[in-house]
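Undergrad: Once you've had a glance at the structure underneath, I'll fire off some questions.
Only the coordinates and a few stated rules stand behind these numbers; no lab work does. This is a predicted model, so every value here is computed, not measured. Neighbour counts are summed over all protein chains in view; Cβ atoms, including those assigned to glycine, are modelled from backbone coordinates with ideal geometry.
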Amino acid sequence: MSEIRLAAETRSEFGKGAARRARRAGFVPGVVYGHGHAPVHLNLPGHDLMMALKTPNALLVVPIDGKDEYVLPKAVQREAIKRTIEHVDLLLVKRGEKVTVEVPVHAEGELAPGGNLLEHVLQALPIEAEATHLPEAVTVSVEGLEAGASIHAKDITLPAGVALAVEADAVVLQVIAAQAAPAEEEAVEAEAGAEA
């Protein structure tokens, strides 16, 4: 995963009024914490941050006290209707440090014929990996799977240096048999009654 560099400035004003002024100016208030450091309050460029957060577990580089630091988004607060970013909590990480994050699970391939449905039991898979080498997603093949089949966490091939942070037997995906529509069921029952 590539690093995304954001220009950020240290924030000295706090409270709702200061946050509103920052948002009007195109910034998003944020806090960086971790590694025993005192929290650092920043204003981040709103558009650049929004684009960066389109990538799951984006590794961001922000200037703190004149030095570039790696951070991961930990909590993002969005406005309820417009979905704009209101505030972001960032976790300070170091190169080589292992972190636990959730990565999206993508299914590829076609299920066996019969109109079966694929259920994502886990939308995201908890993994542990080096902070600077986080995968964007994991891909799972569901080619030819029939109703009743399931894929467990241990069945997923992970990139080198990545470990599961969930029980190996946890169900990630399962195939559910297609159910007949109510009108079809009534027609089948009527045919069975007529034959009897």
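Undergrad: Of GLU110, GLU86, GLU102, which has the largest mean-square fluctuation in a 10 Å C-alpha GNM of the chain?
TA: GLU110
Undergrad: Now for a separate question. Taking the Cα-to-Cβ direction at HIS35 and at LYS74 and moving 7 Å from each Cα, how far apart do the two end points lie in nm?
TA: In this crude label model, HIS35 to LYS74 measures out at 1.4 nm.
Undergrad: Can you tell me the orientation of helix 182-195 relative to the chain, as the angle in degrees between its alpha-carbon axis and the longest Cα principal axis, to the nearest 10?
TA: Taking the Cα atoms of the chain, the angle to 182-195 is about 10 degrees.
Undergrad: Right, next: May I ask for the net charge around GLY17, where only other residues with Cβ less than 12 Å from the Cβ of GLY17 are counted and Lys, Arg are +1 while Asp, Glu are -1?
TA: That sum, taken over residues with Cβ under 12 Å, equals +4.
Undergrad: So how much slack lies between THR132 and THR157, counting 0.36 nm per residue of separation and subtracting their Cα-Cα distance, in nm?
TA: 7.0 nm
Undergrad: Over the Cα atoms of the chain, what Rg and Dmax result, in angstrom?
TA: Taking only Cα atoms of the chain, I get Rg and Dmax of 23.4, 85 Å.
Undergrad: Of THR132, THR84, THR100, which is the most mobile in a GNM of the chain whose springs link Cα atoms less than 10 angstrom apart?
TA: THR84
Undergrad: Considering only the other residues whose Cβ falls under 14 Å of the Cβ of VAL103, what net charge follows from Lys and Arg at +1 and Asp and Glu at -1?
TA: In short, -4.
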